Structures are given as structure tokens and as C-alpha cells.
Amino acid sequence: MILAKKNNLISIRRLEEKDINELYELLQGLSEKAKKFFHPHSFDLNTLKNICKSKQDHYFVMTLENKIIGYSFLRLFGYENPSFGCCIRNGFENKGYGTMLTQWTTEKAKELGYKKVILKTYKENISAQKVYKKVGYKIIGETEDGKEYKMEKKL
């Protein structure tokens, strides 16, 4: 899907093997704060290669003028409802790209036939919670250790 934002060409599509090195660079370049909040898997090249081969989970990249600036996923972990996560390249935060990527990936889940999407977010990650609430996610509880909120959006 191609979107326009302030005359910039934005595209969101499935992650492809050709994207691995650039995605690796994006993940390695995340701020320490972002890495604290976003750690769904290892950020090494082997893990990223395996992600591209996944038949069960769905991984996406957001590009701005052909440069990867965002990464999102819908992972099943063996469950019926996918777990959502995303990150935005360091230097591109707070410009609306995270909201756009969250909205798009959530809509993609609906297209794929899922009934709801779930996620966990650290309680101190206020900016992510604002994005999730804006897109329609609701807090439904917290993790056993009390550090994260559990959120969901019914599709």
C-alpha cells in the first residue's frame, strides 16, 4: 500500500529478504530507550533471515522514499489472536509514522481474518500508549509482574 504524507512517498509492505541488512541497521540504530521498550526478538542477522521465512507470522516494513523507517509485525506465538508490535527508525519518531504504521498493521490484521489484535506495552511508555489508544486499543489488564499493560483492539 502506498500512502502520501506531506508530499513524501510512504509505502508499507511485507518484509522481504532483500530488506534484512537495512532492517538490521534500523534495529541496531534504535535509541536505548526504544530498545528498552521494543525487544520482541533478537536483532541479529540470523533472526531477521528466519523472520523472512515465517509462514505463520506477518512482518512489515514502512518505507519513506525507498528508505525503511518503520517495522511492524503480527505474531501468533501459537495463539488465535496476533500480537502487534512496531518501531520507528531513530530520528523519524514523533512525526506520525508510528500512528500510521499501527493503523495500517491493525487494518491488515482485519484483512487477514483476525478478530482482534493484542499487545503489551510498558506502563512508562506513555507515547506508545497514546498511539495505541488513538487507533482504538483498550487496556484490558496488566502483566503478572505489573510492569506492562495488556491491550487489545477488536476488529
Checklist line | Loop-located chymotrypsin sites (Phe, Trp or Tyr not before Pro) in the stretch 1-100 whose Cβ has at most 13 other Cβ within 10 Å (DSSP) | finding: PHE77, TYR79
Margin query: So for the chain, averaging the separation of alpha carbon pairs under 8 Å that are six or more residues apart and normalising by length, what relative contact order in percent results?
Written below: 17
Next item on the list: Among SER72, PHE84, PHE60, pick out the residue whose Cα is farthest towards the positive end of the charge dipole of the stretch 1-122, where Lys and Arg carry +1 and Asp and Glu carry -1 on C-beta, about the Cα centre.
Entry: PHE84
Note to self: Cut-off under 15 Å on the C-alpha distance; same-chain residues fewer than 8 positions from LYS120 excluded. Which aspartates and glutamates are left, in chain and number order?
What the structure shows: GLU142, GLU144, ASP145, GLU148, GLU152
Notebook entry, point to check: Rounded to the nearest 5, what is the percent of antiparallel bridges among the DSSP beta bridges in the stretch 2-154?
Noted result: 95
Next item on the list: Between beta-carbons, use under 11 Å as the cut-off and find the net charge around ALA34, counting Lys and Arg +1, Asp and Glu -1.
Entry: +2
Next item on the list: Loop only per DSSP, at most 10 neighbouring Cβ atoms within 10 Å: give me the trypsin sites (Lys or Arg not before Pro) in the stretch 103-139, ordered by residue number.
Entry: LYS115
Note to self: Distance cut-off 31 Å, Cα to Cα: go down the list LYS18/LYS150; LYS49/LYS150; LYS18/LYS133 and report the pairs above it.
What the structure shows: LYS18/LYS150; LYS18/LYS133
Notebook entry, point to check: Mind checking the dipole of the chain: about its Cα centre, +1 per Lys or Arg Cβ, -1 per Asp or Glu Cβ, Debye to the nearest 20?
Noted result: 540
Note to self: Counting only GluC sites (Glu not before Pro) that sit in a DSSP loop (anything but H, G, I, E, B) with at most 11 other Cβ atoms within 10 Å, what is the longest stretch of the chain containing none of them?
What the structure shows: 81-143
Next item on the list: Mind checking which of ILE10, LEU45, TYR122 is farthest towards the positive end of the chain's charge dipole, using Cβ charges of +1 (Lys, Arg) and -1 (Asp, Glu) about the Cα centre?
Entry: ILE10
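Here, each number is a calculation from the coordinates, and none is a lab measurement. Computed from a predicted model, the values in this text were never measured in an experiment. Quick reminder, even Gly has a Cβ in these numbers, built from the backbone with ideal geometry, and neighbours come from all protein chains shown.
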